[in-house]
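Visitor: To start, I am sharing the structure in question, which I have written as structure tokens.
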Amino acid sequence: ISFVMRADNQDFTEALNQMSQRTGVILPTKQNRDKEDTLHRMNKEALDFFRQMLHSSEGVLARDYVQERGINHEAEDMFQLGLSPGGWEVLTKHLVARGYQEEELISAGLSIKSESGEVRDLFHRRLIFPILDASGRVAGFGGRALDGSTPKYLNTPRTSVFDKSSILYGLPRARESIRGTGSVVIVEGYMD
């Protein structure tokens, strides 16, 4: 940016806009930042709901599964595991009651519109793995089926804050260790 400012005698904003146009990089706007903040807030509230459901009476099957996989309570809390309960509109109704619009929930990838036009939860009877961005904010979720349904794993669809190909699960937790050792091993699944 400094080079373009000097070479073309431009101020910072002009140089940034020029470079943005040349490279195709879209600069964030206040409206985009506000939308992304809302998505992060919705995802955080969904995570709080999923965590609560894991520790409810409905969470017995999920807690048994977690225990069978050798995950202790400390790791469960560290990775903030949760449960999407049975029922097709439980999270949707919860978040609408908290003031969010159905269209916002769809754009966040938390809800989907069925063929009949009903808005329902994307995740249903799944162990939930929150996926955090590099800043530690909840960008999306992965869910593992607990009742044998398919697909076995389901992820949040691509949104303005979640792109599965550009986020590494667990990176915020591993960052300090990576800095210390300078190395990292990447595995495929949430449980790996």
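The values are calculated or read from the model by the stated rules, or taken from the named source; none is laboratory data. Everything quoted here is computed from the prediction, not taken from an experiment. No Cβ is skipped: glycine too gets one built from the backbone with ideal geometry, and neighbour counts run over all protein chains shown. We work out accessible area using only protein heavy atoms, side chains counted, and drop any ligands, DNA or RNA first. Shrake-Rupley method; radii C 1.70, N 1.55, O 1.52, S 1.80 Å.
Visitor: Within the range 124-136, is there a residue that is hydroxyl-bearing (Ser, Thr, Tyr), in contact with a strand residue (DSSP E or B) (Cβ under 9 Å, 6 or more places away or on another chain) and modelled with pLDDT under 95?
Guide: no
Visitor: All but one of (1) assigned to a loop (DSSP other than H, G, I, E, B); (2) within 28 Å of Glu104 (Cβ to Cβ) hold for Ser165, so report the exception by its number.
Guide: (1)
Visitor: Could you list all residues from the range 90-137 that are among the small types (Gly, Ala, Ser) and on the phi < 0 side of the Ramachandran plot?
Guide: Ala97, Ser107, Ala108, Ser111, Ser114, Ser116, Ala134, Ser135
Visitor: Are there any pairs, at least 6 apart or on different chains, whose C-beta atoms fall under 9 Å, with the first in the range 52-75 and free of Cβ contacts under 8 Å to residues at least 24 places away in the same chain and the second among the charged types (D, E, K, R) and open to solvent by less than 90 Å² (accessible area, probe 1.4 Å), and if so, which?
Guide: His55/Arg63; Arg63/Glu76
Visitor: Which one is nearest to Ala145 (Cα to Cα) among residues in the range 25-37 that are assigned to a helix (DSSP H, G or I) and open to solvent by 100 Å² or more (accessible area, probe 1.4 Å)?
Guide: Out of the qualifying residues, it is Lys35.
Visitor: Limited to the range 107-151, what total is found for residues that are over 19 Å from Gly86 (Cα atoms) and either touching a residue at least 12 places away in the same chain (Cβ under 8 Å) or under 18 Å from the mean Cα position of the chain (by Cα) (or both)? Can you show your working first?
Guide: Initially, the range 107-151 is screened for residues over 19 Å from Gly86 (Cα atoms), giving 107-108, 115-117, 131-140.
Next, only the ones that are either touching a residue at least 12 places away in the same chain (Cβ under 8 Å) or under 18 Å from the mean Cα position of the chain (by Cα) (or both) stay: 107-108, 131-140.
So the answer is 12.
Visitor: Give just the number: which of (1) at pLDDT below 95; (2) within 23 Å of the chain's Cα centre (by Cα) does Asn43 not satisfy?
Guide: In the conditions (1) at pLDDT below 95; (2) within 23 Å of the chain's Cα centre (by Cα), Asn43 misses (1) alone.
Visitor: Turning to a different aspect of this structure: Restricting attention to the range 168-192, which residues are of a type in the set (Ser, Thr, Tyr), assigned to a loop (DSSP other than H, G, I, E, B) and surrounded by fewer than 11 Cβ atoms within 10 Å (Cβ to Cβ)?
Guide: Hit for the range 168-192 is Ser183, nothing else.
Visitor: Are any of the residues in the range 151-159 touching a Ser or Thr at 6+ places or on another chain (Cβ under 8 Å), outside any helix (DSSP H, G or I) and under 14 Å from Leu39 (Cβ atoms)?
Guide: For the range 151-159, residues touching a Ser or Thr at 6+ places or on another chain (Cβ under 8 Å), outside any helix (DSSP H, G or I) and under 14 Å from Leu39 (Cβ atoms): present.
Visitor: Moving on to the next point. Please list, ordered by residue number, the helices (runs of 4 or more DSSP H) wholly in the range 38-129 having 3 or more residues that are exposed (fewer than 15 other Cβ atoms within 10 Å of the Cβ).
Guide: Once the helices (runs of 4 or more DSSP H) in the range 38-129 are filtered for at least 3 residues that are exposed (fewer than 15 other Cβ atoms within 10 Å of the Cβ), what remains is 60-68, 73-78.
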